[in-house]
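> First the structure, then my questions, so here it is.
The values are calculated or read from the model by the stated rules, or taken from the named source; none is laboratory data. No experiment lies behind these values; they were computed from the predicted model shown. Every residue, glycine among them, receives a Cβ derived from its backbone with ideal geometry; neighbour counts consider all protein chains shown. Heavy atoms of the whole protein, side chains included, go into the accessibility calculation; ligands, DNA and RNA do not. Shrake-Rupley method; radii C 1.70, N 1.55, O 1.52, S 1.80 Å.
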Amino acid sequence: MPRVSKPAAERREEILDAAERLFAAKGVSATTTGDILDAVGIAKGTLYYHFTSKDAILSALIERTAALIAERAAQAAASGLPAPRRFMAVIGAMRVKGDAAALIDGLHDAANTHFHLLSLVTTIRALTPILVGVVEDGIAEGSFTCSDPRTTIEILLTSGAMLVDEGIFTGEADQAPRRMAGVLLAAEALLSTAPGALTGPAAPASPEAEG
């Protein structure tokens with residue numbers, strides 16, 4: 001069967017979609033570029049036109065996942081709700097499902113440490129400006145008091161991401177809800193917001209509490 005020519009952007013996404021499915025099903029280490037070629041039905045030259053290696057594909061998938069999370073987070077941040085509720089809605093947007101979640105789980109393998117850290121850093125960088133905007137809105141409306149929103153958000157995102165990451169604290173998944181609750185209490189203190197604004201019954205569930 002002759003190969004079908006497609007626009008470059010469409011072919012690139014097709015490669016990423018196939019790679020994500022394979023990485024989720026077989027694992028990153030077990031998936032070869034040959035597997036990806038077979039799944040997409042393209043020649044090696046076509047693959048290398050878009051990506052120089054399997055590592056480049058994995059990096060692009062991490063960037064794409066972070067961009068999708070950021071897109072959802074931006075939508076949550078743009079709602080008309082008070083800033084504390086928008087803050088928690090953005091945190092909730094960090095949850096991923098399906099092949100994307102399986103891919104992230106696969107990065108917990110020791111062989112993928114570089115990409116595991118890249119995933120954390122890329123996501124934190126993507127979410128920081130969104131949450132900074134929410135905090136600045138909260139300062140303007142009187143919900144938050146904070147002299148350095150960017151540094152505060154970087155501290156909260158980094159500590160939260162590290163503490164609930166099962167690839168870092170292995171075998172301690174049962175501790176994630178407690179740790180996330182602690183991060184949110186710290187957020188209330190650092191943002192000088194009302195007690196319970198981020199942790200009370202009116203606050204949206206955190207990603208770890210969604211099951």
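> Which residue fluctuates the most in the chain, going by a Gaussian network model with Cα springs under 10 Å, if the choices are Ala66, Ala89, Ala140?
In the Gaussian network model the winner is Ala140.
> What longest region of the chain stays clear of GluC sites (Glu not before Pro) that DSSP places outside H, G, I, E and B and that have at most 16 other Cβ atoms within 10 Å? Can you show the working numbers first?
Numbers: sites that count: Glu166, Glu172.
Excluding the exposed sites themselves, the longest stretch runs over 1-165.
> Continuing with the same structure: Evaluate the distance, in nm, between pseudo-label points positioned 7 Å from the Cα of Phe169 and of Ala186 along their respective Cα→Cβ axes.
Modelled inter-label distance: 1.0 nm.
> Further question: For the chain, what does the relative contact order come out to in percent, with C-alpha contacts under 8 Å and a separation of six or more? Write down the numbers at each step before the final one.
Values: 219 pairs, mean separation 43.0, N = 211.
Computed over the chain, the figure is 20 percent.
> Give me the mean projected area, in nm² to one decimal, of the convex hull enclosing the Cα positions of the chain.
Details: hull surface 52.2 nm².
Answer in nm², one decimal: 13.0.
> What part of the accessible area of segment 137-178, given as a whole %, is carbon or sulfur when the probe is 1.4 angstrom?
Whole-percent figure for carbon plus sulfur exposure: 53.
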